[in-house]
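S.K.: Dumping the structure here so I can ask a few things about it.
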Amino acid sequence: MAKLYRILSFLRRVEMCNFKKKGISTFSKSIFFILILLFSILISLSAQTIFPTKPVEIIVTFAAGGAVDTSTRVLASEAEKYFGQKILITNKTGGGGTEGIIQVSKAKPDGYQLLALTSAAITNIVTKKVDYQIDSFDPVIMFTYDPATLSVYANGPYANLDEFLNAAKTTKISIATAGHSTANHVACLVLENKYNLNFKYIHTKGVAEVSTMVAGGHVASGVGPWADFRIMTEQRKMKVIGVMADSRDPRLPDVPTFKEKGYNVLGGVWRGIAAPKGTPPEVIRALHDAFKKALDSPELQKRYNELGLPIVYKNSSDFKANIIDSYESYVNILPLLQQ
């Protein structure tokens, strides 16, 4: 490309010299305008974005070791094969994660600083005063959706979902969440109010703490992704009794959904990658394509399966629609969150 550019520039100079010395012949005029056209095309091509030319950073607004952090690191590690550049992960948990979100929303929209975007970022807009909006980002790709699971203390009084739900009609049952207004807290609020149940919410600093509290018998139950409950469940310290999904989770084939028990409530956590608003479309495409290739790789799929992470893919436009739908759902239940 650079060599062709130099050749055309030389020819253009030669043609201009002939133009000055001999005047314009019909043939010379045609050659002259063709060269001008080619010269203009090359200028346009040289201005297009070549991406990436340096390492890319992804801001994760949750602590290292959790499901968001782990899933993003695995995705980034595999995507590096298709980027040709390193992808760096930075954990920025200040302000309940809002500091990292705000940082990316104000970053230069060139694709070199991205956000591990989760449903928690959207609930923050509805329930808190934050310095970003739903349209502060350009969605790149959604890579997983983890339906909410309800777990109980293994030696507690509830052997199954039927017993738990029947008891909640007359007794206030303690239930731990990863925090006020998180997606799983929202799902429990909808369940409680739609079906006249009684819950006492214990809000923690994250799902890891929920798992610890339930496994230790400090609360009767907890809600969160299966990936975060798997270890304590396998150690038989807690028991998953229900899934808030349309159909049974293939990872938990013996665990019923709330829906099949007559409680039509869905809930869970989606995770994806987003860029600052205004990032060039060709950069979004390059990012999307690399992450999609990573998701399709047998290596990543094996690793996600080992971690208990379900792959649910949405492209940039479908992910944007999913974000808007989540926002509208949270707005509709805002009165419940303010109680």
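S.K.: Which condition from (1) buried (at least 19 other Cβ atoms within 10 Å of the Cβ); (2) in contact with a strand residue (DSSP E or B) (Cβ under 7 Å, 6 or more places away or on another chain) is the one that I122 breaks?
M.R.: With (1) buried (at least 19 other Cβ atoms within 10 Å of the Cβ); (2) in contact with a strand residue (DSSP E or B) (Cβ under 7 Å, 6 or more places away or on another chain) applied to I122, the lone miss is (2).
S.K.: Can I ask one more? Looking only at segment 192-215, which residues are in contact (Cβ under 8 Å) with a residue 60 or more places away in the chain, surrounded by fewer than 23 Cβ atoms within 10 Å (Cβ to Cβ) and more than 18 Å from T171 (Cα to Cα)?
M.R.: Those that are in contact (Cβ under 8 Å) with a residue 60 or more places away in the chain, surrounded by fewer than 23 Cβ atoms within 10 Å (Cβ to Cβ) and more than 18 Å from T171 (Cα to Cα): G206, A208, A215.
S.K.: How many of the residues in segment 243-260 are more than 22 Å from W270 (Cα to Cα) and either at pLDDT below 90 or part of a loop (DSSP other than H, G, I, E, B) (or both)?
M.R.: Step one: of segment 243-260, the residues more than 22 Å from W270 (Cα to Cα) are 254, 260.
Next, only the ones that are either at pLDDT below 90 or part of a loop (DSSP other than H, G, I, E, B) (or both) stay: 254.
Within segment 243-260, residues that are more than 22 Å from W270 (Cα to Cα) and either at pLDDT below 90 or part of a loop (DSSP other than H, G, I, E, B) (or both) number 1.
S.K.: Still on this structure, please answer the following. Going through segment 290-339 one residue at a time, which ones are aromatic (F, W, Y) and either over 15 Å from the mean Cα position of the chain (by Cα) or part of a helix (DSSP H, G or I) (or both)?
M.R.: F291, Y304, F319, Y327, Y330
S.K.: Can you tell me which condition A227 does not meet? The list is (1) among the hydrophobic types (A, V, I, L, M, F, W, C); (2) assigned by TED's automatic domain parsing to the domain that holds S119; (3) part of a helix (DSSP H, G or I), and all the others hold.
M.R.: Here A227 meets the rest and fails (2).
S.K.: Could you tell me how many of the residues in segment 241-258 are without any contact (Cβ under 8 Å) to a residue 40 or more places away in the chain, more than 16 Å from V223 (Cα to Cα) and surrounded by 15 or more Cβ atoms within 10 Å (Cβ to Cβ)?
M.R.: Of the residues in that region, 1 qualify.
S.K.: Separate question: Considering only residues that are of a type in the set (D, E) and either in contact with a helix residue (DSSP H, G or I) (Cβ under 8 Å, 6 or more places away or on another chain) or under 29 Å from Y330 (Cα atoms) (or both), which ones fall in segment 74-133? Break it down stepwise before answering.
M.R.: Going residue by residue through segment 74-133, those that are of a type in the set (D, E) are 78, 80, 99, 110, 131.
Within segment 74-133, E78, E99, D110, D131 qualify.
S.K.: A further question on this structure: In the set V130, V152, V104, V140, which member is modelled with pLDDT under 95 and β-branched (V, I, T)?
M.R.: Values: V152 fails: modelled with pLDDT under 95; V104 fails: modelled with pLDDT under 95; V140 fails: modelled with pLDDT under 95.
Only one candidate passes the filter, namely V130.
S.K.: Condition (residue is touching a residue at least 24 places away in the same chain (Cβ under 8 Å), in a loop (DSSP other than H, G, I, E, B), of a type in the set (D, E, K, R) and touching a Leu at 6+ places or on another chain (Cβ under 7 Å)) applied to segment 169-178: is it met by at least one residue? Reasoning before the result, please.
M.R.: Residues of segment 169-178 touching a residue at least 24 places away in the same chain (Cβ under 8 Å): 169-178.
Still in the list and also in a loop (DSSP other than H, G, I, E, B): 169-172, 178.
Checking the rest, the ones that are also of a type in the set (D, E, K, R) come to 169, 172.
If we keep only those that are touching a Leu at 6+ places or on another chain (Cβ under 7 Å) as well, we get 169.
Taking every residue of segment 169-178 in turn, at least one turns out to be touching a residue at least 24 places away in the same chain (Cβ under 8 Å), in a loop (DSSP other than H, G, I, E, B), of a type in the set (D, E, K, R) and touching a Leu at 6+ places or on another chain (Cβ under 7 Å).
S.K.: Only one of (1) in contact with a strand residue (DSSP E or B) (Cβ under 7 Å, 6 or more places away or on another chain); (2) surrounded by fewer than 18 Cβ atoms within 10 Å (Cβ to Cβ) fails for I134. Which number is that?
M.R.: Only one criterion in (1) in contact with a strand residue (DSSP E or B) (Cβ under 7 Å, 6 or more places away or on another chain); (2) surrounded by fewer than 18 Cβ atoms within 10 Å (Cβ to Cβ) is unmet by I134, namely (1).
S.K.: Is it true that L88 is part of a strand (DSSP E or B), at pLDDT 95 or above and surrounded by fewer than 22 Cβ atoms within 10 Å (Cβ to Cβ)?
M.R.: Yes: the conditions hold for L88.
S.K.: Given the criterion part of a strand (DSSP E or B) and either out of contact with any helix residue (DSSP H, G or I) (no Cβ under 7 Å at 6 or more places or on another chain) or closer than 16 Å to T118 by Cα (or both), identify the matching residue among V283, V240, V269.
M.R.: Numbers: V283 fails: part of a strand (DSSP E or B); V240 fails: either out of contact with any helix residue (DSSP H, G or I) (no Cβ under 7 Å at 6 or more places or on another chain) or closer than 16 Å to T118 by Cα (or both).
Being part of a strand (DSSP E or B) and either out of contact with any helix residue (DSSP H, G or I) (no Cβ under 7 Å at 6 or more places or on another chain) or closer than 16 Å to T118 by Cα (or both) holds for just one of V283, V240, V269, which is V269.
S.K.: Could we say that T170 is outside the structural domain of A64 (by TED's automatic domain parsing), more than 23 Å from D325 (Cβ to Cβ) and touching a Ser or Thr at 6+ places or on another chain (Cβ under 9 Å) here? Let's see the steps before the verdict.
M.R.: Values: outside the structural domain of A64 (by TED's automatic domain parsing): yes; more than 23 Å from D325 (Cβ to Cβ): yes; touching a Ser or Thr at 6+ places or on another chain (Cβ under 9 Å): no.
No.
S.K.: Within segment 216-231, can you find the residues that are touching a strand residue (DSSP E or B) at 6+ places or on another chain (Cβ under 8 Å) and surrounded by 20 or more Cβ atoms within 10 Å (Cβ to Cβ)?
M.R.: The answer is V219, A220, S221, G222, V223, G224, P225, W226, A227, F229.
The values are calculated or read from the model by the stated rules, or taken from the named source; none is laboratory data. Treat the numbers as computed from the prediction; the structure is a model and nothing was measured. Glycine also receives a Cβ, built like all others from the backbone with ideal geometry; neighbour counts cover every protein chain displayed.
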